[in-house]
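Novice: Pasting in a structure now, in structure tokens, and then I'll have a few things to ask.
What follows draws every value from the coordinates through simple rules; no lab data is involved. In this text the structure is predicted, and so the values were computed from the model without any measurement. Here Cβ is always computed from backbone atoms with ideal geometry, including for glycine, and neighbour counts include all displayed protein chains.
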Amino acid sequence: MAKKNTWIAMILSLIVPGLGLAYDGVYKKFIAYFVLGAIFALLWWNMGMPLDPEVNNTGFCCYLAYIIVWIFGLYDTLRTTMDLNRGL
């Protein structure tokens, strides 16, 4: 298997949660991160995109959940790309 560029995978995952995993060929993980990110982003958007927990606590929680999915997707992309390049 050809080695994957870690920087490209990370930049793709910065743009869309899990997109770097699709670049790596790990499509099931990509779909999971993409769907979770889309659900939380759409819920946040549907609630008027509040960033103040005093205004709308549910919308703020959806925003935080999206950020957590995005950060965890970045970490998983990094680890997966490194493991694929090592042949694990």
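Novice: Do any residues in the range 54-71 that are within 19 Å of Ala32 (Cα to Cα) have Cβ atoms under 6 Å from those of residues that are surrounded by fewer than 19 Cβ atoms within 10 Å (Cβ to Cβ), where the two are at least six apart or on different chains, and which pairs are they?
Specialist: If the second residue must be surrounded by fewer than 19 Cβ atoms within 10 Å (Cβ to Cβ), the pairs left are Cys62/Leu43; Tyr66/Ala41.
Novice: Further question: Given (1) in a loop (DSSP other than H, G, I, E, B); (2) closer than 13 Å to Trp70 by Cα, identify the lone condition not met by Ala41.
Specialist: That leaves (1) as the condition not met.
Novice: Among the residues of the range 1-38, write down those that are charged (D, E, K, R) and within 16 Å of Ile68 (Cα to Cα).
Specialist: Keep residues of the range 1-38 that are charged (D, E, K, R), which gives 3-4, 24, 28-29.
Of everything in the range 1-38, just one residue is charged (D, E, K, R) and within 16 Å of Ile68 (Cα to Cα), namely Lys29.
Novice: Could we say that Thr81 is surrounded by 18 or more Cβ atoms within 10 Å (Cβ to Cβ), in contact (Cβ under 8 Å) with a residue 60 or more places away in the chain and among the polar types (S, T, N, Q) here?
Specialist: Working: surrounded by 18 or more Cβ atoms within 10 Å (Cβ to Cβ): yes; in contact (Cβ under 8 Å) with a residue 60 or more places away in the chain: yes; among the polar types (S, T, N, Q): yes.
Answer is yes for this residue.
Novice: Taking the condition of being under 24 Å from Phe60 (Cβ atoms) and either in contact with an Asp or Glu (Cβ under 7 Å, 6 or more places away or on another chain) or of a type outside the set (A, V, I, L, M, F, W, C) (or both), how many residues in the range 14-46 meet it?
Specialist: Taking the range 14-46 and keeping what is under 24 Å from Phe60 (Cβ atoms), we get 14-18, 32-46.
Now restrict to residues that are either in contact with an Asp or Glu (Cβ under 7 Å, 6 or more places away or on another chain) or of a type outside the set (A, V, I, L, M, F, W, C) (or both): 17-18, 33, 37, 46.
Residues meeting the conditions: 5.
Novice: Here's a follow-up. Out of everything in the range 1-51 that is in contact (Cβ under 8 Å) with a residue 60 or more places away in the chain and of a type in the set (Gly, Ala, Ser), what residue ends up being surrounded by the most Cβ atoms within 10 Å (Cβ to Cβ)?
Specialist: That would be Gly20.
Novice: Inspect all residues belonging to the range 52-60 and state whether any of them is part of a helix (DSSP H, G or I), surrounded by 15 or more Cβ atoms within 10 Å (Cβ to Cβ) and among the hydroxyl-bearing types (Ser, Thr, Tyr). Don't jump to the end; show me each part of the working.
Specialist: Filtering the range 52-60 for residues part of a helix (DSSP H, G or I) gives 57-60.
Then drop every residue that is not surrounded by 15 or more Cβ atoms within 10 Å (Cβ to Cβ), which leaves 59-60.
Remaining after also requiring among the hydroxyl-bearing types (Ser, Thr, Tyr): none.
No, the range 52-60 contains no residue that is part of a helix (DSSP H, G or I), surrounded by 15 or more Cβ atoms within 10 Å (Cβ to Cβ) and among the hydroxyl-bearing types (Ser, Thr, Tyr).
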